[in-house]
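*Asks:* Got a structure for you, written out below as structure tokens; questions coming shortly.
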Amino acid sequence: MKNVLKIATAGSVDDGKSTLIGRLLYETKSLEEDKLKAIETSSRNKGYDYLDFSLATDGLIAEREQGITIDVAHIYFSTNLRSYIIADTPGHEEYTRNMITGASNSDVAIILVDARKGKLPQTERHFLINHLLLTNHIVVAVNKMDLVDYSEEVFLEIKKTIEELAIEYPDANRTIHFVPISALKGDNIIEPSLNTSWYNEKPVLNILESIEVNNSFNTVSLNIQNVIRPKTEQYHDFRGYAATVRGGDLAVGDSIEVVASGQKSKIKSIYLAGDSFKKAKEGSAVIVELENDINVTRGDFLIVGNDKYVKQKSIEAQLCWMDHTALSERSTYLLQQGTSRVRCKLKVSGEKLMKHHLNETDALAINDIGTVSIKTSKEIIGTSYATDKNLGRFIIIDEKTNNTAGVGFIL
Amino acid sequence: MTPQKLSKIENVEFTINNILEPNLLESEAIYIIREVVGQFEKPVLLFSGGKDSITLVHLAHKAFYPAPIPFPLLHIDTGHNFPETIAFRDELVEKLGLKLIVAHVQDDIDAGISKEESGRYASRNLLQTATLLNAIEKHGFDACIGGARRDEEKARAKERVFSVRNEFGEWDEKNQRPEVFELLNGTIDHGQNVRAFPLSNWTELDVWNYIRSEHIEIPSIYFAHQREVFIRDSMIWSVSPHVYKDEDEVTQKSWVRFRTVGDMSCTAAVFSHATEIDAVIEEITDSKISERGARIDDKRSEGAMEKRKQQGYF
Ligand SMILES: Nc1nc2c(ncn2[C@@H]2O[C@H](COP(=O)(O)OP(=O)(O)O)[C@@H](O)[C@H]2O)c(=O)[nH]1
Ligand SMILES: [Mg+2]
């Protein structure tokens with residue numbers, strides 16, 4: 001299988017995200033004839049004298065009617081070198097939750113900026129969200145260069161404002177690439193453009209092809225999904241635990257500690273579909289047996305080796321609120337970390353990092369990002385997101401509506 | 001009953017194979033299937049007899065082995081199936097010791113719940129929705145595992161891995177739950193259900209490559225064979241009592257295969273000489289037409305899939 005790169009677009013509405021993705025599909029010959037024909041027909045019906053590539057990703061009827069992206073679309077294509085999964089996200093503040101959905105599952109963010117408008121409030125919000133997610137690779141594509149005469153000055157000016165943002169939200173592990181493009185006309189998408197002879201770096205596709213993803217984790221863990229008890233004649237006493245190996249490799253003989261109970265054991269065997277393995281590499285879905293009969297249930301984490309972690313009943317975290325009902329400090333919520341769920345109470349503790357433009361109150365309302373103190377009914381793993389991305393993230397579920405109301409990053 | 005082992009090494013139980021190198025798409029799909037079982041009380045796997053749902057069964061088998069697959073299969077039978085897929089379905093169920101529930105569109109037509117379409121383009125494809133929703137309600141299923149992939153169609157590209165449906169089976173596409181990282185939230189109210197899509201991030205080619213590497217058996221109609229067909233609207237239709245044909249539409253015997261398999265009235269064939277899997281994969285890699293280019297049901301309008309999904313379709 002080719003090496004997969006997961007990318008999410010970002011940036012304000014109309015900055016050209018969907019057009020860029022459509023253009024990338026077109027230039028890499030990933031649009032099949034029937035899909036291209038559909039785009040040609042629709043563009044003509046709308047009276048355009050160009051191909052409206054946003055139609056390649058704006059898949060909902062309402063999106064095509066309004067000419068905007070409402071929810072994230074997942075697009076798949078590949079070049080000779082690698083495969084790509086692109087999440088084309090909406091730019092409207094109202095749909096930030098859908099942007100987070102796309103961004104949280106990606107390794108790279110392409111932030112688009114309209115050359116005429118420069119950095120907008122949504123540019124900053126999306127930069128901040130990628131900062132919280134600790135996205136290591138950011139491509140800032142200054143788009144619509146055709147409308148500013150491919151001016152180097154305009155490009156450099158915008159580059160400077162984004163570099164200032166990067167100083168405000170620092171991250172030593174982050175690389176930012178800047179590229180001037182016209183998604184509509186096709187400049188600097190897969191080939192260097194003659195219109196920007198002053199630009200000596202790579203076009204968009206080459207930047208993407210050269211990115212190496214290196215997510216470092218500190219803790220090897222198994223988060224139990226199901227207890228496997230076949231209860232058949234042949235496997236009468238079999239008791240296995242189904243989980244995905246995360247954060248590193250797992251080997252038979254590794255010692256483990258169960259969170260939250262604190263019991264210890266060793267990995268006796270590792271299976272997949274009846275085959276037994278001495279070792280399973282990171283990302284393997286497996287079933288393990290333990291050496292002694294201890295009590296392990298769905299939701300438990302098995303922390304592997306002597307990896308350090310902290311158990312806590314109170315944590316500090318950064319929280320993006322995604323629900324129309326504002327956070328209530330008097331309500332209880334469910335906190336889901338991996339497959340484990342505990343009850344919790346939330347309290348806004350610090351300055352808000354980003355406010356919805358209409359929210360004048362101190363409460364965390366939809367699309368606000370702030371720092372919260374969380375008290376949980378049982379001990380949870382308190383490892384920070386910066387230390388371990390797998391363990392340090394969680395969602396908040398509102399039990400009254402069942403909605404996923406927030407996403408959090410442990411500090 | 002212990003299910004048969006699927007692995008290549010059939011005779012040695014729990015062979016020591018050294019190191020497991022994960023196929024990340026497989027791991028993701030297994031993770032999703034296990035979450036369905038972990039989070040819901042009464043899941044079911046929607047089984048069409050097509051390659052995607054067969055792949056799902058294979059993944060479910062791997063996810064829980066040596067325990068049997070802990071949910072039944074549900075087939076919405078239009079009565080207009082390719083006979084090959086039905087024979088294949090029954091064999092698979094037998095081999096893996098699965099529980100199969102069949103809900104018949106014909107029963108709903110007889111009961112006056114559904115009305116048969118007529119004319120040139122008559123199909124029972126749309127009628128499946130009512131039968132599916134009735135079956136979900138009757139059996140009390142709270143999660144339906146489906147084989148839909150995001151690369152298939154533009155409305156599907158928008159769907160979550162856990163997609164919530166209200167008590168009428170409707171998809172509220174403009175107001176989906178956020179779905180961050182791998183964290184799946186399947187909490188629902190009584191009467192609602194979740195459609196879960198483990199193959200969300202697979203492409204058509206990924207499925208075929210997986211079928212090849214895992215030696216998964218699939219129905220013969222996916223491979224080139226000779227068949228009586230006729231051409232209408234530049235699509236290749238099968239000659240069958242279930243497919244309407246004008247008298248002046250000329251039939252011919254041709255080498256064809258099916259790239260996607262719905263029922264006979266909504267699935268068109270493609271000309272092909274690919275009689276085995278390597279040739280099929282080569283053909284798809286070179287194809288300039290998308291997989292659903294041969295789905296008559298998608299041709300009805302630009303938003304055809306989205307509209308069907310809003311109403312509770314797969
Ligand atoms: N002139 C020009 N227009 C563009 C360019 N890229 C996008 N557009 C137009 O800007 C509008 C918004 O584009 P769209 O891709 O829908 O933006 P999104 O909201 O960020 O996805 C559309 O009318 C596009 O045709 C560009 O490079 N040059
Ligand atoms: Mg868009």
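*Asks:* Considering only the stretch A:26-43, I want to know if a residue exists there that is under 25 Å from A:Asn214 (Cβ atoms), within 16 Å of ligand 1 (Cβ to nearest atom) and assigned by TED's automatic domain parsing to the domain that holds A:Leu205.
*Replies:* Looking through the stretch A:26-43, none of the residues is under 25 Å from A:Asn214 (Cβ atoms), within 16 Å of ligand 1 (Cβ to nearest atom) and assigned by TED's automatic domain parsing to the domain that holds A:Leu205.
*Asks:* Now a separate question. So which residues in the stretch A:73-92 are open to solvent by 10 Å² or more (accessible area, probe 1.4 Å) and under 26 Å from A:Gly406 (Cβ atoms), if there are any at all?
*Replies:* Residues satisfying the conditions are A:His74, A:Ile85, A:His92.
*Asks:* Does the stretch B:81-89 include one or more residues that are surrounded by fewer than 17 Cβ atoms within 10 Å (Cβ to Cβ), hydrophobic (A, V, I, L, M, F, W, C), over 15 Å from the mean Cα position of the chain (by Cα) and not in a loop (DSSP other than H, G, I, E, B)?
*Replies:* Within the stretch B:81-89, one or more residues are surrounded by fewer than 17 Cβ atoms within 10 Å (Cβ to Cβ), hydrophobic (A, V, I, L, M, F, W, C), over 15 Å from the mean Cα position of the chain (by Cα) and not in a loop (DSSP other than H, G, I, E, B).
*Asks:* Taking the stretch A:1-40, which residues are more than 30 Å from A:Ile176 (Cβ to Cβ) and either within 16 Å of ligand 2 (Cβ to nearest atom) or open to solvent by less than 60 Å² (accessible area, probe 1.4 Å) (or both)? Before you say what the answer is, go through the steps one by one.
*Replies:* Step one: list which residues in the stretch A:1-40 are more than 30 Å from A:Ile176 (Cβ to Cβ), which gives A:32-40.
A:Glu32, A:Asp34, A:Leu36, A:Ala38, A:Ile39 - these are the residues of the stretch A:1-40 that are more than 30 Å from A:Ile176 (Cβ to Cβ) and either within 16 Å of ligand 2 (Cβ to nearest atom) or open to solvent by less than 60 Å² (accessible area, probe 1.4 Å) (or both).
*Asks:* Can you say whether A:Glu63 is acidic (Asp, Glu), assigned to a helix (DSSP H, G or I) and within 14 Å of ligand 2 (Cβ to nearest atom), as far as the supplied structure shows?
*Replies:* Yes: the conditions hold for A:Glu63.
*Asks:* Could you tell me how many of the residues in the stretch A:131-166 are within 15 Å of A:Phe178 (Cβ to Cβ), more than 16 Å from ligand 1 (Cβ to nearest atom) and not acidic (Asp, Glu)?
*Replies:* 9
*Asks:* Okay, moving on. Going through the stretch A:68-83 one residue at a time, which ones are within 11 Å of ligand 2 (Cβ to nearest atom) and either among the charged types (D, E, K, R) or over 25 Å from the mean Cα position of the chain (by Cα) (or both)?
*Replies:* A:Asp71
*Asks:* Sticking with this one: Being more than 12 Å from ligand 2 (Cβ to nearest atom), outside any strand (DSSP E or B) and surrounded by fewer than 24 Cβ atoms within 10 Å (Cβ to Cβ) is true for just one of A:Tyr50, A:Tyr95. Which residue is that?
*Replies:* A:Tyr50
*Asks:* Go through (1) within 25 Å of A:Thr401 (Cα to Cα); (2) open to solvent by less than 10 Å² (accessible area, probe 1.4 Å); (3) among the basic types (Lys, Arg); (4) within 13 Å of chain A (Cβ to nearest Cβ) for B:Arg195 and report which single condition fails.
*Replies:* With (1) within 25 Å of A:Thr401 (Cα to Cα); (2) open to solvent by less than 10 Å² (accessible area, probe 1.4 Å); (3) among the basic types (Lys, Arg); (4) within 13 Å of chain A (Cβ to nearest Cβ) applied to B:Arg195, the lone miss is (4).
*Asks:* Could you please let me know if A:Lys352 is basic (Lys, Arg), away from every other protein chain (no Cβ under 14 Å) and within 23 Å of the chain's Cα centre (by Cα)?
*Replies:* yes
*Asks:* Report, by residue number, each residue of the stretch B:130-165 that is open to solvent by 30 Å² or more (accessible area, probe 1.4 Å), touching a residue at least 60 places away in the same chain (Cβ under 8 Å) and of a type in the set (A, V, I, L, M).
*Replies:* B:Leu133
*Asks:* Just give me the residues in the stretch A:261-286 being over 15 Å from A:Gly247 (Cβ atoms) and in contact with a helix residue (DSSP H, G or I) (Cβ under 8 Å, 6 or more places away or on another chain), in sequence order.
*Replies:* Answer for the stretch A:261-286, where residues must be over 15 Å from A:Gly247 (Cβ atoms) and in contact with a helix residue (DSSP H, G or I) (Cβ under 8 Å, 6 or more places away or on another chain): A:Leu272, A:Ala273.
*Asks:* If you don't mind, another one. Any idea how many residues of the stretch A:284-335 are open to solvent by 20 Å² or more (accessible area, probe 1.4 Å) and among the aromatic types (Phe, Trp, Tyr)?
*Replies:* 1
The values are calculated or read from the model by the stated rules, or taken from the named source; none is laboratory data. Keep in mind that this is a model prediction, so the values were computed, not measured. Cβ sites come from the backbone with ideal geometry, for glycine too, and all protein chains shown count toward neighbours. What goes into the accessible areas is simple: the full protein's heavy atoms, side chains included, and nothing from ligands, DNA or RNA. Shrake-Rupley method; radii C 1.70, N 1.55, O 1.52, S 1.80 Å.
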